[in-house]
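Before any comments, here is the structure.
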Amino acid sequence: MKSPLLSLPGAVPAEGRDEGVAAHYGDLFREQRTLADGTGFVDLSHRGVIAVSGDDRLSWLHLLLTQHVSELPAGRATDALILSANGHIEHALYLVDDGETVWAHVEPGTQAELIAYLESMKFFYRVEVVDRTEDFAVVYLPAGSIAEVPEGVAVRETPHGRDVFLPRGDLEAFASSHGPAAGVLAHEALRIEAHRPRLGFETDHRTIPHEIGLIGSAVHLQKGCYRGQETVARVHNLGKPPRRLVFLHLDGSEVHLPGHGTPVRLAADGEEGRQLGFVTSSARHHELGPIALALLKRNVPVDAGLIAGNTAAAQEVVVEP
C-alpha cells in the first residue's frame with residue numbers, strides 16, 4: 001500500500017520489501033539523530049496488521065506461538081514466532097492485547113499467508129482473525145519520545161520505542177503534529193545497531209531461533225507444546241545452532257554497502273576463499289559509519305578478520321559461538 005506521507009517534502013520512496021513508504025526525506029543522518037534523540041516518527045504503514053478477537057484469543061494463540069501469551073496482561077507488548085514442524089522460522093509477530101483484541105504487525109505482504117495458517121487452526125475455538133492492513137497503519141515513535149498518541153488506539157510499548165496502530169485515515173494528521181518524519185533507512189540503521197533481527201533479512205528458509213538470538217525474547221522455553229518445539233528444545237539442551245548472528249563494522253572507505261546475501265569470507269583467504277556466511281542487512285550509521293548484520297558458521301573464530309564481498313569487516317559477537 002502506498003503511503004500518503006510520500007507526498008511530504010523531500011520524500012524518496014523505499015524499494016524492495018519496504019516499498020510503499022519513504023526511504024528518507026532528504027537527510028538520512030539527520031533523521032537517524034532525530035530518532036536517537038527521542039523525537040520524530042517513522043511511517044511503517046506498509047507493514048501488515050492483523051487483529052485476533054474472541055474470548056479464546058490468548059489461550060488459542062498460546063498453542064500456536066513460541067511465546068507464552070495465555071495470561072498476557074492488557075497493554076504489555078511481546079514478540080512471537082510461528083515455526084515450521086522442523087523448527088524453522090516462518091512468521092514473526094509483534095503483538096499487544098488491548099483487553100478485547102490482540103493486535104499484531106508483521107512483515108509487509110506476509111499477512112495473507114499468516115492469516116491462512118491461523119484460520120486453518122481455529123477448530124472449535126471462539127476466535128476471529130481479521131486482516132486490518134487496509135484500515136490501520138503502524139507508526140513508530142522512538143524510545144524517549146514524549147509525543148502523545150490518540151486515545152483508544154492500540155500501542156506496543158517496548159524498550160526500543162512505541163508502535164502505534166493508527167487508523168489509516170488519520171495518518172496525515174498524525175504526521176503534521178508529530179514530526180519531523182524519518183524514513184525507514186534511519187529506522188533500519190538503528191535496528192541494525194541494536195542487533196535486532198528481521199524476518200526475511202536475518203532469516204532464510206532454514207533459520208532457527210537460536211541462530212539469531214530470539215531465545216527468551218520471542219521464544220519462551222517453559223511453555224507448552226507448539227509446532228517446532230522439539231527442535232527448539234533439542235538445540236537448547238543438547239547442542240549449538242549451526243550458524244550465529246554477528247554484527248559487522250565495515251570499512252568506511254568503500255563507496256558501496258554490501259547488500260543482503262553478499263558472501264562473507266576470511267580476509268586472509270580473499271574473495272576466492274570459502275564462503276563462511278552472508279550479509280543479512282547493512283546501513284550507514286550516523287555515528288558508527290557503515291555497519292551490517294551477518295549470519296556466519298558457528299565455528300568462525302570471533303577474532304577472525306573478515307571481508308563482506310570486497311569490504312573489510314570486523315565482527316562483534318551477537319550470538320555466542
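The values are calculated or read from the model by the stated rules, or taken from the named source; none is laboratory data. These numbers were taken from a predicted model, which means no experiment stands behind them. In this analysis, Cβ positions are derived from the backbone assuming ideal geometry, glycine residues included, and neighbour counts consider all displayed protein chains.
What residue, among those in the stretch 1-42 that are outside any loop (DSSP other than H, G, I, E, B) and of a type in the set (Gly, Ala, Ser), is nearest to ALA173 (Cα to Cα)?
Looking at the filtered set, the residue picked out is SER7.
Where residues in the stretch 201-216 are surrounded by fewer than 16 Cβ atoms within 10 Å (Cβ to Cβ) and over 19 Å from PRO321 (Cβ atoms), which of them is nearest to the chain's Cα centre (by Cα)?
Checking each candidate, the answer is ASP204.
Give just the number: which of (1) assigned to a strand (DSSP E or B); (2) touching a residue at least 24 places away in the same chain (Cβ under 8 Å); (3) closer than 20 Å to ILE192 by Cα does ARG265 not satisfy?
The one condition ARG265 does not meet is (3).
Just to be sure, is GLU100 charged (D, E, K, R), modelled with pLDDT under 95 and more than 20 Å from SER7 (Cβ to Cβ)?
In short, no.
I want to confirm something. Restricting to the stretch 43-59 and keeping residues that are among the acidic types (Asp, Glu) and over 19 Å from GLY169 (Cβ atoms), which single residue is surrounded by the most Cβ atoms within 10 Å (Cβ to Cβ)?
Filtering first and then ranking leaves ASP56.
Which one of these does ALA80 not meet: (1) of a type in the set (Gly, Ala, Ser); (2) under 16 Å from the mean Cα position of the chain (by Cα); (3) assigned to a loop (DSSP other than H, G, I, E, B)?
Failing condition for ALA80: (3).
Return the residues of the stretch 276-321 that are touching a residue at least 60 places away in the same chain (Cβ under 8 Å) and over 21 Å from THR203 (Cβ atoms); say none if nothing qualifies.
ARG284, HIS285, HIS286, LEU288, THR311, ALA312, ALA314
Write out, first by first residue and then by second, each pair whose Cβ atoms fall under 8 Å of each other, whose residues are 6+ apart or on separate chains, and whose first residue, in the stretch 174-192, is part of a helix (DSSP H, G or I) while the second is hydroxyl-bearing (Ser, Thr, Tyr).
Every condition considered, the pairs that remain are ALA186/THR34; HIS187/TYR140; GLU188/SER281; ARG191/SER281; ILE192/SER281; ILE192/SER282.
For the stretch 277-321, name all the residues that are among the β-branched types (Val, Ile, Thr) and either within 23 Å of GLU188 (Cα to Cα) or in contact with a Phe, Trp or Tyr (Cβ under 6 Å, 6 or more places away or on another chain) (or both).
VAL279, THR280, ILE291, ILE307, THR311, VAL317, VAL318, VAL319
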